[in-house]
Amino acid sequence: MFEMSSSGTESILYSFRGGADGEYPFAPVIAVKDVLYGVTEDGGGATFCDNGCGTVFELTPSSSGYSEQIIHTFQGGKEDGAFPQGLVPIDGVLYGTTAGGGDGLHVCTDSIGCGTVFKLISSSSGYAETVLYRFKGGADGGEPLGQPLDVKGSLYGTTWWGGMACSCGGVFEISPAGKERVLYRFKGGTDGDGPVAGLINVNGTLYGTTAQGGASNDGTVFKITTSGKESVLYSFKGGTDGASPQATLTNVNGTLYGSTTTGGGTGCPKRSGCGTVFKITRSGAESVLYSFKGGVDGSRPFAGLANLSGTLYGTTYGGHRVDRYGTLFALTP
């Protein structure tokens, strides 16, 4: 866990050790007052998963820095989730998704369950977890990989697996009582295939991306109403416009911004480009703001963008030295 000033000064808040304190924090961190909450996809010590089934942690500021505390360790199996993907706070309760665990232990691609939706409630004795829904990997979907979205107390999200016969994923709603409603099942054609990212809400309409599918099978940007009407705003072509978007979109004054992990047409000769940052209007007009070149410039942006006073900040998975360590970048208007 690190923090970075806008001038590029980095400081480490906490270094994970693996084991009981967790490892591999992939998802975004959320702030509730002065406390930071996040998840680690692995670690925690549960024996059901080879490297642990993941944790939920909190980082509390103190005079000597930040102290970490594990507030839940996932156990995997049918009763609990495994591999948490993100959190969202609603009225003092933490809600989240896991990509594994729950039902469908031999249905989804990881063979250890199709994922769950859970909540964590704080009390004087600690945090108590309740599993709201267990995905079965069939028509209801499976393996939710994106961070959940709160819309008027209900949770909305995407599943990478399940849905129709092609198992191309879908969009779901979970009520506070744990009842699931499938809004849309992707068919794997021009409508999209395999949503990895979460959703955003812009004036009551939900927007998201699929990593595959579309006119050229290079991914899409789509919108969907809460009643389940889906339409594709843009299909990536895999060239200079980018390919395979896997990050949640960012809304800036009604215009949507995002990244693609490949495409862009520059650098990274063994892949089809090093990725892009793009913007798209809600009517579907897309334009590329930047194409990564690899090396010290960075490559393969997987995470979403942050808007701070009109400047976009993000990370790349590759880049810097021998395309290994990644970068944190700022993109001005």
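The values are calculated or read from the model by the stated rules, or taken from the named source; none is laboratory data. Just so it is clear, the model here is predicted, and its values are computed rather than measured. Positions of Cβ are backbone-derived with ideal geometry, glycine not excepted, and every protein chain shown enters the neighbour counts. All accessible areas refer to the heavy atoms of the entire protein, side chains included, with ligands and DNA or RNA removed. Shrake-Rupley method; radii C 1.70, N 1.55, O 1.52, S 1.80 Å.
Numbers at a glance
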item: Residue among Ala197, Ala165, Ala139, Ala177 that alone is in a loop (DSSP other than H, G, I, E, B) and in contact with a Pro (Cβ under 9 Å, 6 or more places away or on another chain); result: Ala197
item: Residue list for region 152-166, restricted to those being touching an Asp or Glu at 6+ places or on another chain (Cβ under 9 Å) and surrounded by 14 or more Cβ atoms within 10 Å (Cβ to Cβ); result: Ser154, Leu155, Tyr156, Gly157, Thr159, Trp160, Trp161, Gly162, Gly163, Cys166
item: Residue within region 14-32 that is charged (D, E, K, R) and not in a strand (DSSP E or B) present; result: yes
item: Filtered residues of region 69-85 (kept if open to solvent by 20 Å² or more (accessible area, probe 1.4 Å), without any contact (Cβ under 8 Å) to a residue 60 or more places away in the chain and not hydrophobic (A, V, I, L, M, F, W, C)); result: Gln69, His72, Thr73, Gln75, Lys78, Glu79
item: Qualifying residue in region 113-123 (condition: open to solvent by 20 Å² or more (accessible area, probe 1.4 Å) and in contact (Cβ under 8 Å) with a residue 60 or more places away in the chain); result: no
item: Close pairs (8 angstrom Cβ cut-off, 6 or more residues apart or separate chains): under 16 Å from Thr276 (Cβ atoms) in region 243-256, acidic (Asp, Glu) and surrounded by 14 or more Cβ atoms within 10 Å (Cβ to Cβ) anywhere; result: Ala243/Asp218; Ser244/Asp218
item: Residues that are outside any loop (DSSP other than H, G, I, E, B) and either open to solvent by 20 Å² or more (accessible area, probe 1.4 Å) or of a type in the set (S, T, N, Q) (or both), drawn from region 43-68; result: Thr55, Glu58, Thr60, Pro61, Ser62, Gly65, Tyr66, Ser67, Glu68
item: Selected residue (criterion: nearest to Thr97 (Cα to Cα)) from residues of region 207-220 that are surrounded by fewer than 24 Cβ atoms within 10 Å (Cβ to Cβ) and in contact with a Lys or Arg (Cβ under 7 Å, 6 or more places away or on another chain); result: Tyr207
item: Scope region 124-150; condition hydrophobic (A, V, I, L, M, F, W, C), over 16 Å from Ala99 (Cβ atoms) and surrounded by 14 or more Cβ atoms within 10 Å (Cβ to Cβ); matching residues; result: Leu149
item: Unmet requirement for Gly102, which otherwise passes all of (1) touching a Ser or Thr at 6+ places or on another chain (Cβ under 8 Å); (2) modelled with pLDDT of 95 or more; (3) crowded, with 19+ Cβ neighbours inside 10 Å; result: (2)
item: Residues of region 69-83 satisfying the condition of being assigned to a strand (DSSP E or B) and in contact with a Cys (Cβ under 6 Å, 6 or more places away or on another chain); result: Ala82
item: Selection count where residues are over 23 Å from Ala247 (Cα atoms) and not charged (D, E, K, R), scope region 85-141; result: 26
item: Within region 221-333, strands (runs of 3 or more DSSP E) holding 1 or more residues that are open to solvent by less than 10 Å² (accessible area, probe 1.4 Å); result: 255-260, 276-280, 311-316
